[in-house]
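Notes follow the structure.
The values are calculated or read from the model by the stated rules, or taken from the named source; none is laboratory data. This structure is a prediction, so every number in the text was calculated from the model and none was measured. Positions of Cβ are generated from backbone atoms using ideal geometry, with glycine treated the same way; all protein chains shown enter the neighbour counts. Each accessible area value is taken on the protein alone, full model and side chains, heavy atoms only, with ligands, DNA and RNA left out. Shrake-Rupley method; radii C 1.70, N 1.55, O 1.52, S 1.80 Å.
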Amino acid sequence: MASNSQTPGEADSETIRVRLPNSRKGEQFAYAELMLGSFHIRVRCSDGVTRLGRIKGKMKRRAWIREGDVIIITPWSFQDEKCDISYRYTPPQRDWLRRNKYI
């Protein structure tokens, strides 16, 4: 039987690495609203616009995105109603963003 050597306060102090949107690249926070199939998702962006998001190629098999997830998107420069989804936050990362008032 292994004993737990952590004190109750230590679990909260573990380091969580969180990627933030790069404003120079036009990235911003968004919420996944509706799964449309074929790697397309309706997203609500932090600027108030609802866009059609496309999951980028390298994310298709690595990260499963569900409705309600917090993600990073990059709006298209030539069609403002569409965007690319570039990152999905895990639940601990989402909690960190809320605690530090990013979302």
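Numbers below:
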{"read-out": "Odd one out for ASP69, checked against (1) within 11 Å of the chain's Cα centre (by Cα); (2) loosely packed, with under 12 Cβ neighbours inside 10 Å; (3) of a type in the set (Asp, Glu)", "value": "(2)"}
{"read-out": "Residue match in the stretch 73-90 (condition: touching a residue at least 60 places away in the same chain (Cβ under 8 Å) and under 18 Å from VAL18 (Cα atoms))", "value": "yes"}
{"read-out": "Total residues in the stretch 37-65, condition over 14 Å from the mean Cα position of the chain (by Cα), farther than 15 Å from ASP84 by Cβ and of a type outside the set (S, T, N, Q)", "value": "4"}
{"read-out": "Residues of the stretch 49-66 that turn out to be of a type outside the set (D, E, K, R), within 20 Å of ARG94 (Cα to Cα) and open to solvent by 50 Å² or more (accessible area, probe 1.4 Å), as a count", "value": "1"}
{"read-out": "Top-ranked residue in the stretch 17-35 [being hydrophobic (A, V, I, L, M, F, W, C) and within 13 Å of the chain's Cα centre (by Cα); ranked as most open to solvent (accessible area, probe 1.4 Å)]", "value": "LEU20"}
{"read-out": "Any strands (runs of 3 or more DSSP E) falling wholly within the stretch 22-71 and containing at least 1 residues that are in contact with a Cys (Cβ under 8 Å, 6 or more places away or on another chain) and in contact (Cβ under 8 Å) with a residue 60 or more places away in the chain", "value": "28-37"}
{"read-out": "Residue within the stretch 94-103 that is among the aromatic types (Phe, Trp, Tyr), closer than 27 Å to ARG17 by Cβ, assigned to a loop (DSSP other than H, G, I, E, B) and touching a Phe, Trp or Tyr at 6+ places or on another chain (Cβ under 8 Å) present", "value": "yes"}
{"read-out": "Per-region count, the stretch 21-48, residues farther than 24 Å from PRO92 by Cα and of a type in the set (Ser, Thr, Tyr)", "value": "1"}
{"read-out": "Some residue of the stretch 81-100 being modelled with pLDDT of 90 or more, of a type in the set (S, T, N, Q) and open to solvent by 60 Å² or more (accessible area, probe 1.4 Å)", "value": "yes"}
